[in-house]
Amino acid sequence: MKKVSKWKILKTKTAFKNRWWDIVDETVLLPSGGTAHFFVNHNLGGVMVFPVTAKGEVLLVRQYKHGARRILLELPVGRIEKRDPSPLAAARRELREETGYEPRLMKFVRSFQIFSTSSTGKFWLYAALGCRLVGRPKNTPKEITEVIAMPLRDFGKLLAAGKLNSIVHVGGAYAALAFIKKL
């Protein structure tokens with residue numbers, strides 16, 4: 001059995017870059033001695049929030065996602081911006097922007113790779129506990145959210161029924177549920 005090892009990067013050049021994407025064409029040396037090209041997105045990553053109100057309701061956002069061409073039900077999620085001093089600050093900002101809620105307490109659950117084949121970015125998952133409404137979502141022309149509150153006891157059934165369609169959200173939701181059960 002061959003031992004797994006890191007690949008050596010031989011050449012790097014920018015393929016596309018804007019505010020959200022920094023896609024680099026990397027030529028790598030494979031363990032076999034051959035070479036291959038990989039397009040990798042170098043980014044700051046993102047945050048996902050599992051918000052629970054003081055009443056024990058999970059807050060979800062319903063919004064149109066153009067890539068999927070559908071209206072989806074998701075957890076609050078967003079990119080880490082350069083102006084965010086930390087992933088925690090980004091999580092608080094995203095929760096407030098997408099839902100209008102603020103938490104009494106934020107707990108780090110875990111981090112995980114976004115797309116391990118094509119991105120260096122990570123997601124940081126937080127449980128936001130004791131959330132209370134402090135305003136309206138900060139909708140923009142490109143992001144209009146409808147906030148859905150549902151009892152935490154019913155969330156597992158929604159998840160098992162396939163009502164969350166993004167693998168990132170499904171994985172984050174299961175990790176957050178396991179974390180909350182331990183509290």
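Please treat every number below as a calculation from the coordinates, not as lab data. Every value quoted in this text rests on a predicted model; they were computed, and no experiment measured them. Don't worry about glycine lacking a Cβ; one is built from the backbone with ideal geometry, like all the others, and counts go over all protein chains shown.
Check 167, 114 and return the single one that is surrounded by fewer than 15 Cβ atoms within 10 Å (Cβ to Cβ) and within 13 Å of the chain's Cα centre (by Cα).
Testing whether each residue is surrounded by fewer than 15 Cβ atoms within 10 Å (Cβ to Cβ) and within 13 Å of the chain's Cα centre (by Cα) leaves just 167.
Considering only the range 16-63, state which residues are within 17 Å of the chain's Cα centre (by Cα), in contact (Cβ under 8 Å) with a residue 24 or more places away in the chain and more than 30 Å from residue 157 (Cβ to Cβ).
Matches in the range 16-63: 20, 41, 42, 43, 44, 45.
For the range 131-173, how many residues meet the condition of being assigned to a strand (DSSP E or B) and either more than 13 Å from residue 52 (Cα to Cα) or not basic (Lys, Arg) (or both)?
Of the residues in that region, 10 qualify.
Testing residue 177 on (1) over 30 Å from residue 26 (Cα atoms); (2) out of contact with any Gly (no Cβ under 7 Å at 6 or more places or on another chain); (3) part of a helix (DSSP H, G or I), one condition comes back false. Which one is that?
(2)
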